[in-house]
Amino acid sequence: MRVTRKEWWHSIAQRREQLFLKLIEAKAPYQDYKLAVLEQEKALLRETRTPAERLHLQQITAKEVLTEAYMARASWEEFGPLLRRCQRLGFADLGDFVHVACLFAQALPRFPRQARQAFAMLTHAEQKLLRLRKSHFLRRDGLKAITHARRIVEAAGIAQPKTRTTT
């Protein structure tokens, strides 16, 4: 019996969730978590049928690993390449883009030298949200998340760099 792609994606979600719960129960350190998630990604990629499926799986995995790196208070040497991977792959949706931009901004107290890049990404996410209709849930929720991220950065004493203007 052939599995539909909808059923396949559902099984992917279940397997990813089972791994996540197993790692939480085991109180796995970040490096073990990262290794397990990337190994699972490699196995799941063998099941993909199209480049779009492959890309989507990589996008959601990259966001998940970056989120865990943030939670583990990873250094820029760890966080930076994960962020660049997310940016290189693109984002599955606007919500993921906003999530990553907010994480990057909120992590600035650990690597303030990246402030210009983080604020640029946050501003870009905000601009995208403002293009949505005012009643759209993602606009409302995303703008709240961006406001929260900006407050965290401000509380850490990191000011948004001045934009350069040419005359």
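The values are calculated or read from the model by the stated rules, or taken from the named source; none is laboratory data. Fair warning: this is a prediction, and the values are worked out from it, not measured in the lab. In this analysis, Cβ positions are derived from the backbone assuming ideal geometry, glycine residues included, and neighbour counts consider all displayed protein chains. Accessible surface areas use protein heavy atoms only, side chains included; no ligands, DNA or RNA. Shrake-Rupley method; radii C 1.70, N 1.55, O 1.52, S 1.80 Å.
State which residue is surrounded by the most Cβ atoms within 10 Å (Cβ to Cβ) when the search covers only the range 57-113 and only residues that are among the aromatic types (Phe, Trp, Tyr) and either in contact with a His (Cβ under 6 Å, 6 or more places away or on another chain) or in a helix (DSSP H, G or I) (or both).
The residue in question is Phe104.
Please enumerate the residues belonging to the range 31-53 that are part of a helix (DSSP H, G or I) and crowded, with 16+ Cβ neighbours inside 10 Å.
Result: Tyr33, Lys34, Ala36, Val37, Gln40, Glu41, Leu44, Glu53.
With His148, His124 as the choices, which residue is touching a Cys at 6+ places or on another chain (Cβ under 9 Å) and under 25 Å from Arg84 (Cα atoms)?
Answer to the check: His148.
Determine whether the range 6-18 contains at least one residue that is over 23 Å from Gly90 (Cα atoms), touching a residue at least 40 places away in the same chain (Cβ under 8 Å) and open to solvent by less than 90 Å² (accessible area, probe 1.4 Å).
no
So how many residues does the range 19-30 have that are out of contact with any Phe, Trp or Tyr (no Cβ under 6 Å at 6 or more places or on another chain), open to solvent by less than 70 Å² (accessible area, probe 1.4 Å) and in a helix (DSSP H, G or I)?
Summing the residues that are out of contact with any Phe, Trp or Tyr (no Cβ under 6 Å at 6 or more places or on another chain), open to solvent by less than 70 Å² (accessible area, probe 1.4 Å) and in a helix (DSSP H, G or I) in the range 19-30 gives 2.
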